[in-house]
Amino acid sequence: MGISSKLGNLGLVTTTLETAVNWGRTGAMWPLLFGLACCAIEMMSTQASDYDMSRFGMELNRASPRQSDLIIVAGRVTRKMAPVVRQLYDQMADPKWVIAMGDCASCGGVYNNYAVVQGVDEIIPVDVYIAGCPPRPEQLIHGVLTLHEKIKTERIRNWAS
Amino acid sequence: MQIAPALDPLQSLQEKFPEAIVFIKTFREELTIVVQPNAILEIMTYLRNTPGLVYNFLSDISSVDYYPHTPSEERPERYGVSYHIYSMLYNRRLRIKVFAAEDEPVIPTIISVYPGANWLEREILDLMGIRFEGHPDQRRLLMPDDWNGHPARRDVPMGKEMVQFSFNVEDIMKHKPHASSSN
């Protein structure tokens, strides 16, 4: 009820600020072009036709971290690459989210040794973990939609963090 | 175009470098010749340049750590380096092995013969610790620049992370400061 019933056909909607901002954030979330290893192939095929991620707003991948909201860490992170990942994450502007795609980014995967970082959450905070080696495009899309649902539950007091 | 007839590599090497050959092994038509490390550059030059023996392609250089080491005729030292070379003209392969001592493993570089050995030797320097003297770029290749130690040696532990049970979950979570169920 409220204002909208009095306005008739004027084309006005009322909503909360949180809903509007969260809808805007999930609607066009552009990921950083960051495929490290085999999971990148699945990420590419998810971006391509037939499992299209553009349906969910991820129209294209930006090459610059300053222009992207999301980093999908697709693949194993070696000890030599770890400072680079941290620097890219620091260069991204708020609000930013992280998806750890695949087993190697979540927990080190099959590589339990000196050279591979055992899960990218040693370096950067992760929002959604996707299991799989590699995860199928449907699983990556499910992870993305889970992230969208997580963002839709964010409150105003979480924004200024 | 005249192609010189193929020479037998073992016979040619035994005639030219009789004192450098340490051990010979033949296994299922694969020939392995163990030579002294100070003669490796001359041997590689000879194998590449002689018509009849044209080994013009370096396939790989790999290194082995025989730990714990007991000296034998086939393996005189702890570290072995194998050069796999291939002759595109005669379609045959050869393996030349050298052995380097345990305390100060140094082998002359073969970059002047095969320029592709640059990164192959750098990888061996990084992971096994065998120095190649004469190499123009002695930096680490695969590990970070400030890494201590040589990971491919057999007395270096693997660096595994323990399986997470309830008794060691605190120790494991110390390495993952950003892992949390909700942030």
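Since every read-out is calculated from the coordinates, none of them should be taken as a lab result. For clarity, every value in this text was computed on a predicted model and none was experimentally measured. Neighbour counts run over all protein chains shown; Cβ positions are idealised from the backbone, glycine included.
Some notes on this structure:
- Estimated inter-spin distance, A:ALA37 and B:TYR86, nm [label 7 Å along Cα→Cβ]: 2.6
- Size estimate for chain B follows the Kirkwood approach: the inverse of mean 1/r over distinct Cα pairs works out to 18.9 Å.
- Under the criterion of Cα pairs below 8 Å and six or more residues apart, the relative contact order for the stretch A:45-161 equals 23 percent.
- Net charge of Cβ neighbours under 13 Å - reference B:ILE96; Lys, Arg +1; Asp, Glu -1: +2
- 13 Å beta-carbon shell around B:ILE172, net charge (K/R +1, D/E -1): -2
- Around the Cα centre of the protein assembly as shown, unit charges on the Cβ atoms of Lys, Arg, Asp and Glu (plus for the first two, minus for the last two) sum to a dipole of about 900 debye.
- At 1.306 mPa s and 10 °C, Stokes D of the protein assembly as shown from Kirkwood alpha-carbon radius, µm² per second: 64
- Across the options B:ILE21, B:ASN148, B:PRO108, the greatest Cα extent toward the positive end of the charge dipole of the stretch B:9-150 (unit charges at beta carbon of Lys, Arg, Asp, Glu) belongs to B:ILE21.
- Candidate lysines - alpha carbon under 30 Å from B:LYS174, same-chain residues fewer than 8 apart omitted: A:LYS80, A:LYS96, A:LYS150, B:LYS160
- Cut-off 13 Å, label 7 Å out along Cα→Cβ of A:THR15, residues of the stretch A:141-161 by amide N: A:152-153
- Cut-off under 5 Å, modelled amide H: who pairs with B:ARG92 long-range: B:SER87
- Between amide H atoms placed 1.01 Å from N, distances below 5 Å from B:VAL22 occur with B:VAL34, B:VAL35, B:GLN36, all of them 5 or more places distant or on a separate chain.
- The calculated 222 nm mean residue ellipticity attributable to helices in the protein assembly as shown amounts to -8000 deg cm²/dmol, summing -39500 (n - 2.57) over DSSP H runs of n ≥ 4 and dividing by all residues.
- For the stretch B:9-150, the relative contact order comes to 20 percent (Cα pairs under 8 Å, sequence separation of at least 6).
- Summing +1 for each Lys or Arg and -1 for each Asp or Glu among the other residues whose beta-carbon sits under 10 angstrom from that of B:ARG139 gives -1.
- A simple charge model with +1 on the Cβ of Lys and Arg, -1 on the Cβ of Asp and Glu and nothing else charged puts the dipole of the stretch A:30-151 at about 380 debye relative to its Cα centre.
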